[in-house]
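Beneath this line is the structure, given in structure tokens, with notes to follow.
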Amino acid sequence: MKFEAFSLGNTEVSIAIIYCAKIVVHLHPAPSNKEPGPYQTSKYSYIKLSFKEHGQIEFSRRLSEEMTQKRWERMPVSPPINSSTTSQAGRTRAVGIVGIERKLEEKRKEMDKNISEAFEDLSKLMEKAKEMVELSRSIASKIKDKQGDITEDETIRFKSYLLSMGIANPVTRETHGSGTHYHMQLAKQLGEIMLAPLEEQGGMMALTEVYCLVNRARGMELLSPEDLVNACKMFEALKLPLRLRIFDSGVMVIQLQSHSEEEIIASAVDNVSEKGSLTSEEFAKLLGLSVLLSKERLLLAEKMGHLCRDDSVEGLRFYPNLF
Amino acid sequence: MHRRGVGAGAIAKKKLAEAKYKERGTVLAEDQLAQMSKQLETFKTHLEEFASKHKQEIRKSAQFRVQFQDMCATIGVDPLASGKGFWSEMLGVGDFYYELGVQIIEVCLALKHRNGGLITLEELHQRVLKGRGKFAQDVSQDDLIRAIKKLKAMGNGFGIIPVGGTYLVQSVPAELNMDHTVVLQLAEKKGFVTVSEIKSSLKWETERTCHVLDDLLKEGLAWLDGQAAGEPQYWLPALFSELYSQDVTPEEASEMVP
């Protein structure tokens, strides 16, 4: 479409937030020798450009410049993509824009083809995965109804199949927790690599911190959150010196078994008595621990009756329990 | 004439039939397990083939990831359940989301002292993108939400709260009930609320209003501006937009104070 700006109407309303700046570009009617383009005809004789977040002044300036210079009429002939449809010498002007349009269109089609092929293949894959899910459900119901004696080994095998497919485990026989050999291995690994960091952190670390630590160290083949939790659940069964612990608040931590409950509470009470009173933030600074875990220790000591609280908008403060 | 189905003979026959069925039952379950093992191998091959053709698609296209996840959910499969799962190993979906989980945790931890553990999805998105660097793969908000849903497995109160047209991401185990949530939603427009606004919009009594606001203050989710003209304003740092807030280092902060 050939256009020449007939008038540039600049409507700017800057007071009301709803309205945004607009530039209206009025178009000449299309000439009879118009070349093919994105649209052959249109019922509108103008284009409205809407500027939601500024830019209209700069744009209008550049548009006026281009309209004056008419650089597109001076552009060299670029080789047309589809040579079969071009023969006229007078194509110099439109090739630029139309050529770009064509290239974009082809790229889009190519991308669409890739994606739709991917989706097709994906659907087929899902069909097969669905069969696996149905089979696993059938096996699970048989196990539940005790139709057939599945040995413990076979149960573990079944669980690992479910793990591979990402199917939730419907069989809740807690022989080794919800874990598999994979989780047992993980638990043992954790038992080794977590000892030093735990010592440093006063014997306790939030599970989210452990997750970050372990995955950052791995770099690839990362653990899922569920992998970590399932591995931690096996500490006790495997007689490893770590324990998974869930506080009343829902916070999950890994704790060194050597750090006994009594020690933690006693040291918390000592610290509070020494300072008269402590908030979680102050306690955290004192111990060099996270605020979250410091709070849990104070809460624990409170639960056991050694501390009492003063809860105000200024914060939660703990005092030795003199009652 | 023989009467069928009665007498000692019939009982014995029945017992024999039952035993045979039981035996069959045993065979069936074990059979199925063996069948599953074989089918698993076949499936693995199909998945490998799919991965060789389309693994890139998953990494590049957020739209494809959404489609993929939705299809998995429909058939009852969780591709992110375990790093040891086929999906994770062969398509690399696992590493993508688990790493994102790490980045989300780190951002939330870094900002917790300021916003009490509550952050808008937008801000989280921006900061995660920034942390990933220019050359890393793009992540969408949908990706973030899925990663956060997985983080819930580790306790620690990761949650998603709808407010206005977007979401707030909670990363501390603060107990936020309906009252808290609705006040957060009210505050979303301006970043703060006042007692009278709450009372007039939600038709609450003063006591209920103050109780909820006190809770938010205690959790560090709200800051009190007692110097505001009119009545005190309760600001939510989580809702501070780029307009209001600036990242300032401790050195810069001490320079700013006269």
Heavy-atom accessible area of A:LYS275, protein chains in place, probe 1.4 angstrom, given in Å² to nearest 10, is 110 Å²
Residues in region B:66-85 near a label at A:GLU131, defined as backbone nitrogen under 13 Å from the 7 Å Cα→Cβ point? none
Loop trypsin sites (Lys or Arg not before Pro), region B:71-153, which have at most 11 other Cβ atoms in a 10 Å radius of their Cβ (DSSP): B:LYS134
From the protein chains alone at 1.4 Å, what is the descending order of accessible area for A:ASP310, B:ASP225, largest first? A:ASP310, B:ASP225
Given a Förster radius of 35 Å and the C-beta distance between B:GLU41 and A:ARG216 as r, what FRET efficiency does 1/(1 + (r/R0)^6) yield to the nearest 0.05? 0.55
Once phi is turned into ³J(HN,Hα) by the Karplus curve 6.51 cos²θ - 1.76 cosθ + 1.60 with θ = phi - 60°, what whole-Hz value does each residue of region A:134-144 show in order, with x for glycine and proline? 5, 4, 5, 5, 4, 4, 4, 5, 5, 4, 5
Links that overshoot a 30 Å alpha carbon limit, given the list A:LYS128/B:LYS149; A:LYS103/B:LYS60; A:LYS144/B:LYS53; A:LYS52/A:LYS113; B:LYS189/B:LYS218; A:LYS188/B:LYS149: A:LYS144/B:LYS53; A:LYS52/A:LYS113
3J(HN,Hα) from dihedral phi, region A:313-319, Karplus parametrisation 6.51/-1.76/1.60, rounded to Hz, x for glycine, proline: 5, 7, x, 9, 10, 10, 10
Using a 10 Å cut-off on Cβ to Cβ distances, tally the other chain neighbours for every residue of A:246-252 and report the average as a whole number. 4
Applied in sequence order to region A:96-102, the curve 6.51 cos²θ - 1.76 cosθ + 1.60 (Karplus, θ = phi - 60°) yields integer Hz couplings, x standing for Gly and Pro, of x, 6, 5, x, 4, 4, 4
Note down the nm distance, to one decimal, between modelled labels 7 Å out along Cα→Cβ at A:MET111 and at B:LYS15. 7.5 nm
Does anything in region A:34-58 have its amide N under 12 Å from the 7 Å Cα→Cβ label point of A:ILE97, and if so which residues? A:35-40, A:47
Run the paramagnetic zone check for B:GLN63: 7 angstrom along Cα to Cβ, then residues of region A:99-136 with backbone nitrogen under 13 Å. A:108-119
For B:VAL163, which sequence-distant residues (separation of 5 or more, or a different chain) have an amide H within less than 5 Å of its own amide H, given hydrogens modelled in the peptide plane? B:LEU168
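Heavy atoms only, 1.4 Å probe, whole protein assembly: order B:HIS54, B:HIS211, B:HIS125 by accessible area, highest first.
B:HIS211, B:HIS125, B:HIS54
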FRET efficiency for B:LYS55 and B:GLU205, using Cβ-Cβ distance with R0 set to 45 Å, rounded to 0.05: 0.15
Packing-ranked peptide list from A:40-48, A:293-301, A:54-62, B:178-186, highest mean Cβ count within 10 angstrom first, is A:293-301, B:178-186, A:54-62, A:40-48
With label points set 7 Å from each Cα along the Cα-to-Cβ direction at A:ASP145 and A:GLN69, the distance between them in nm comes to 8.0 nm
Where in region B:91-196 are there chymotrypsin sites (Phe, Trp or Tyr not before Pro) that are in a DSSP coil and have at most 10 other Cβ atoms within 10 angstrom of their Cβ? B:PHE135
To the nearest 20 debye, what is the magnitude of the charge dipole of region B:75-213 about its Cα centre, counting +1 on the Cβ of each Lys and Arg and -1 on the Cβ of each Asp and Glu? 240 debye
Starting from the Cα of A:ASN33, step 7 Å along the direction of its Cβ; do the same at A:LYS275; then give the gap between the two resulting points in nm. 8.8 nm
Can you compute the FRET efficiency between A:GLU262 and A:GLU314 using 1/(1 + (r/R0)^6), with r the Cβ-Cβ distance and R0 = 25 Å? Round to the nearest 0.05. 0.20
In terms of the alpha carbon gyration tensor, root eigenvalues a ≥ b ≥ c, rounded if a/c is under 1.5 and otherwise prolate when a/b exceeds b/c or oblate, region B:47-91 is oblate
Top to bottom by accessible area (1.4 Å), largest first, where do A:ARG71, A:ARG245, A:ARG102 land? A:ARG71, A:ARG102, A:ARG245
Quick one: pull the percentage of alpha-carbon pairs in region A:245-311 with a separation above 17 Å. 37 percent
Averaged over its residues, how many other protein chain Cβ atoms are within 10 Å of peptide B:218-226's Cβ atoms? 1
Only Cα pairs under 8 Å and at least 6 apart count here; give the relative contact order of region B:117-173 as a rounded whole percent. 42 percent
For A:VAL133, tell me the accessible area in Å² from a 1.4 Å probe, rounded to the nearest 10. 0 Å²
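Please give the average number of partner chain Cβ atoms lying within 10 Å of the Cβ of each residue in A:212-221, rounded to a whole number. Don't skip to the end; give the middle numbers.
Details: counts 7, 1, 1, 7, 3, 0, 4, 2, 4, 7.
Counting other chains' Cβ atoms within 10 Å and averaging over A:212-221 gives 4.
The values are calculated or read from the model by the stated rules, or taken from the named source; none is laboratory data. None of these values were measured; they are calculated from a predicted model. Because the Cβ atoms are built from the backbone with ideal geometry, glycine has one as well, and the counts that use them run over all protein chains shown. The protein model used for the area step is the full one, side chains on, heavy atoms only, and it has no ligands, DNA or RNA in it. Shrake-Rupley method; radii C 1.70, N 1.55, O 1.52, S 1.80 Å.
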